[in-house]
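Okay, so here's the structure we're looking at.
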Amino acid sequence: MKQTIIDFIRAYVQEYQSRDTIATSYGEPLVGFADAHHPYIQSLPQLISPTHELPQNVLPEARIIIAYFVPFTRDIAKSNRTTGILASPEWARAYEETNALFGELNEALIRLIHEKAGLAGITPKATTFDQQRLISDWSHRHIAYAAGLGTFGINNMLLTKHGCCGRFSTVVTNLDLAPDAPADAEYCLYKKNGSCGVCVKNCPTGALTAEGYDRHKCYALCRENAKIYTQFGSSYTNEDGTGANSEGSEVCGKCVTSSPCAFWRLK
Ligand code: B12
Ligand code: SF4
Ligand code: SF4
C-alpha cells in the first residue's frame, strides 16, 4: 500500500503539470510516513503552540500521517534569482498553483484510501495561520521531519535529500503502514561544519541570521510581493475560514532559490 500511495502522488503531480492551464513544472515528489502516535508528534502542541492540532483531532483513528514534498524545477528557482528584492512572477505563480495542487491531490488521495477501505483526512488549519504570531496550528514541516523527509537548515526550510526548493503537504490516515523514522544525519552545511551560509547572505531583509529567523521581518517582504502579485490568486485563508487572508501571493524565497541545498542530491 505504501508504494501505491507513492506512485499515486507521483502520477498525480505528473498529470497536473501536463495541463494547459498549469505553468509550473515539478521534479519527482518524495513521500514519507510519520507515526501518528510518536512522542515527537504528540509533543507538537508543547513544541510549537498549545493550539497545534494532533493527528487524532483530524481523524480519531489516526495511525499514520502521509507527508510529501513536491520539488520545483530549477527554471522556477532561476527565475527568482534575477529580479532584485521582489520575487519573480513565476515563483508567485508556482506558489499558488502548488497550493491548488495540494487541495486536489489530497482529496484524490483520500478517495483512494476510502476505496482501499481506509479512512483519511486533512485539516483546514494547514492552510491558515495566526496573522499576529505568524504560526500555524498544523506544521507540515514538523510532520515531514518525523516522517524522515529531512532536517531543518538555517534558512528555516526543511532540507530533503533532494533539496528544499519545493512545497510540503500532509494527509492523516488510519492505514496500518510501517512508519519511517526521522533522518539521523544533519543535512545543513552550516549546522554540520560551519560552512556555506549562502541563505543568510541572500536574504534581502535581514530576517535570516546564523542565530535565528525573524518571521515578522520576513513577512513584511512577503506582503510587499502580495501587493504586486494579485493575478494568481491567494491560497491561504483567514483563520475563521472566511476567504483569502491576503490580496495576493505572499512570497519571497530568496533564501531558497540560490542555495546549494535547493536541488542537491544527498546519499
Ligand atoms: C506561517 C508560515 C509562514 C510565515 C511565517 C514563517 C514561518 N517560518 O513560520 C511567513 C508568511 C513569513 C512564511 C514565509 C515563508 N514560507 Co511559509 N509557511 C507558513 C506555514 C503556513 C506555517 C509555518 C508554521 O507556523 N510553523 C510552525 C512554526 C513554529 O515552525 P517554524 O517557523 O517552521 O519554526 C520551527 C523550525 O524552524 C523548527 N526547527 C528549527 N531547527 C530545528 C531543528 C530540529 C531538530 C527540529 C525538530 C525543528 C527545528 O523549530 C522551529 C520552532 O518550532 C507553513 C505551512 C504549514 N501549514 O506548515 C508554510 C511553509 C513553512 N512556508 C514555506 C515557504 C516555502 C515559505 C517562503 C519561502 C515563502 C515563499 N513560498 O516564497 C518563506 C520562507 C521563510 C523562512 N525562511 O522560513 C514552506 C516551506 C518549505 C520547506 N522546504 O521547508 C511551507 C512548509 C509551506 C508548504 N506547504 O510547503 N511562511
Ligand atoms: S544555504 Fe547552506 S547554510 Fe543555508 S540552509 Fe542551505 S546548506 Fe544550510
Ligand atoms: S523568504 Fe525572503 S525575507 Fe524571508 S527569510 Fe527567506 S529570503 Fe529572507
**OP:** Assign one of three labels to the chain, namely rounded, prolate or oblate, based on the Cα gyration tensor with a ≥ b ≥ c the square roots of its eigenvalues; rounded applies when a/c is under 1.5, prolate when it is not and a/b is larger than b/c, and oblate otherwise.
**Re:** rounded
**OP:** With runs of 4+ DSSP H residues as the only contributors, calculate the mean residue ellipticity of the chain at 222 nm using -39,500 (n - 2.57) per run, divided by the residue total and rounded to the nearest 500.
**Re:** -10000 deg cm²/dmol
**OP:** Grab the Cα-Cα distance for GLN132 and ARG265, subtract it from 0.36 nm times how many residues apart they are, and report the gain in nm with one decimal.
**Re:** 44.2 nm
Original post:
With a sphere of radius 15 Å drawn around the Cβ of GLU90, what net charge do the other residues whose Cβ falls strictly inside it have (Lys, Arg +1; Asp, Glu -1)?
Top reply: +3
Subject >> Å² per residue, accessible surface of the chain at 1.4 Å >> reply: 46
Original post:
Tally Lys and Arg at +1 and Asp and Glu at -1 over the other residues with C-beta under 14 Å from the C-beta of THR123: what net charge comes out?
Top reply: -3
Subject >> Partnerless cysteines, meaning none of the other Cys C-beta atoms lie under 4.7 Å away, in the chain >> reply: CYS164, CYS165, CYS188, CYS196, CYS203, CYS218, CYS222, CYS252, CYS261
Original post:
Rounded, prolate or oblate: which one fits region 1-95, using the alpha carbon gyration tensor with axes a ≥ b ≥ c (rounded when a/c is under 1.5, else prolate when a/b beats b/c, else oblate)?
Top reply: oblate
Original post:
For ILE143, what is the net charge nearby, where nearby means another residue's Cβ is under 14 Å from its Cβ and Lys, Arg count +1, Asp, Glu -1?
Top reply: 0
Original post:
Cα to Cα, under 16 Å, and not fewer than 8 places away if on the same chain: which aspartates and glutamates meet these conditions relative to LYS116?
Top reply: ASP7, GLU61, GLU107, ASP176
Original post:
Want the number for LYS78 to GLN231: 0.36 nm per residue separation, take away the alpha-carbon distance, what's left?
Top reply: 53.0 nm
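The values are calculated or read from the model by the stated rules, or taken from the named source; none is laboratory data. Here the structure is a predicted model, which means the values were calculated and not measured. Methodologically, a virtual Cβ is constructed for each residue, glycine included, from the backbone with ideal geometry; neighbour enumeration extends over all protein chains shown. Areas reflect the complete protein model, heavy atoms only, side chains present, ligands, DNA and RNA absent. Shrake-Rupley method; radii C 1.70, N 1.55, O 1.52, S 1.80 Å.
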